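A short write-up of the structure that comes next.
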Amino acid sequence: QGIKAARAAFPNVPQVACFDTAFHRTRSFVEEAYALPRRFFDEGIRRFGFHGLSYQFIAKQLAVVAPDVAKGKVVVAHLGSGASMCALNGGRSVASTMGFSTIDGLPMGTRTGAIDPGVLLHLLDQKHMPLKELETLLYKESGLKGLSGLSNDMRTLLADESSAAKEAVEYFVHRCAREVASLATAAGGLDALVFTAGIGERSSAIRGRIVRKLAWLGLAIDDAANGRNSTLISTRVSRAKVLCIPTNEERCIAEAVSERLKPG
């Protein structure tokens, strides 16, 4: 609808679409496919992955701020109201947590993250939940908001002393740590962990808790640097670097459009 409206209002102005899934097209079959009959994959039912513009920007930034690990094995954690992670190897996507839709993977502000499909079948068959009501539940009433019964804002939850708020935060931290370990396996190792997006860039508390859960991997956080939101927030003895790098998806789009519209 947006494309049609813009075309009607500005018929002579070129339009450029920057797909948030394009960055992930370098992944292998095993990372894209679901274990359904092959015809569904051929019809387009696959893990697309999202936040690709953010990961593309971070991959470029890594070459500037940490060239020693930019070509290595990196897990990027895009943590915000929408949250996902991506494993990079040589600056290319090899695995990501989001799948066919933006509700897969990590728990988010109001989205469930990964959930057993059997739960959905139960809600549809046994609870007779209408499809639109189920969609609203998965996208708008779950995640941090649903678990806490309070808010989808991590700042609010960190400041609240209720057990529900604490459990929602711990659930988020726990799932994030699990996914880092999973993606490190997909990448074949871990040279760096990068935090980005709203929570990843601004919440030293969440970064610290996730990294401390990964101490068994040899990760160690510098609490002072983390508290300052410094670029490098790991200690010298950390087996892999831990970094905090602001993302800029809008710039990534602007650069792609500029490149596409160059004369000739």
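Comparing L138, L123, L214 in a Gaussian network model of the chain (Cα springs below 10 Å), the most mobile by mean-square fluctuation is L123. Y34 contributes an accessible area of around 70 Å² to the protein surface, as traced by a 1.4 Å probe with all chains present. Taking the Cα centre of segment 15-162 as reference, the dipole from Cβ charges on Lys and Arg (+1) and Asp and Glu (-1) amounts to some 520 debye.
Suppose the chain between S182 and L158 were pulled fully straight at 0.36 nm per residue; how much longer would it get relative to their current alpha carbon spacing? Could the numbers behind the result be given before it?
On the way: separation 24, 0.36 × 24 = 8.64 nm, distance 2.61 nm.
Full extension from S182 to L158 adds 6.0 nm.
Looking at this model, which pairs from K4/K262; K127/K213; K145/K213; K60/K166; K71/K213; K213/K241 are more than 27 angstrom apart at the alpha-carbon? Spell out each step's value before the answer.
Values: K4/K262 24 Å; K127/K213 37 Å; K145/K213 23 Å; K60/K166 36 Å; K71/K213 25 Å; K213/K241 15 Å.
The answer is K127/K213; K60/K166.
Positive end of the dipole of the chain, charges at C-beta (+1 Lys, Arg; -1 Asp, Glu), about the Cα centre: which of Q126, G90, L150 has its Cα farthest in that direction? After comparing all options, I get G90. Membrane-span-like helices in the chain, defined here as complete DSSP H runs extending at least 27 Å along the helix axis by their C-alpha atoms with mean Kyte-Doolittle hydropathy no lower than 0.0, are 163-187; this is a sequence and geometry rule, not a statement about a membrane. Based on the convex hull around the alpha carbon atoms, segment 77-124 presents an average projected area of 3.8 nm².
Could you pull out the trypsin sites (Lys or Arg not before Pro) across segment 121-221 that fall in loop regions by DSSP (anything but H, G, I, E, B) with no more than 14 other Cβ atoms inside 10 Å?
Values: sites: K127, K132, K140, K145, R155, K166, R175, R178, R202, R207, R209, R212, K213; in loops: K127.
Passing sites in segment 121-221 are K127.
Could you give the length gained by full extension between A205 and Y139, i.e. 0.36 nm per residue of separation minus their alpha carbon distance, to one decimal place?
Working: separation 66, 0.36 × 66 = 23.76 nm, distance 2.58 nm.
Gain in length upon complete extension: 21.2 nm.
Using a probe of 1.4 angstrom, how much of the accessible area of segment 2-159 is carbon and sulfur, in percent? Carbon and sulfur: 58 percent of the exposed surface of segment 2-159.
Determine, from the Cβ-Cβ distance of S230 and A63 and an R0 of 22 Å, the FRET efficiency 1/(1 + (r/R0)^6), rounded to the nearest 0.05.
Values: r = 19 Å, r/R0 = 0.86.
Taking R0 as 22 Å, the efficiency between S230 and A63 is 0.70.
Based on the convex hull around the alpha carbon atoms, the chain presents an average projected area of 17.7 nm². Between E250 and A215, the FRET efficiency from the beta-carbon distance, with R0 = 25 Å, is close to 0.10. Pairs of alpha carbons in segment 1-86 separated by more than 19 Å make up 58% of all such pairs.
What segment 190-245 shows is 45 Å² of accessible area per residue, with the surface traced by a 1.4 Å probe over protein heavy atoms.
The values are calculated or read from the model by the stated rules, or taken from the named source; none is laboratory data. This one's a predicted model, so the numbers in the text were calculated from it and none came from an experiment. Neighbour counts are summed over all protein chains in view; Cβ atoms, including those assigned to glycine, are modelled from backbone coordinates with ideal geometry. Surface areas here come from the heavy atoms of the whole protein model, side chains and all, with no ligands, DNA or RNA. Shrake-Rupley method; radii C 1.70, N 1.55, O 1.52, S 1.80 Å.
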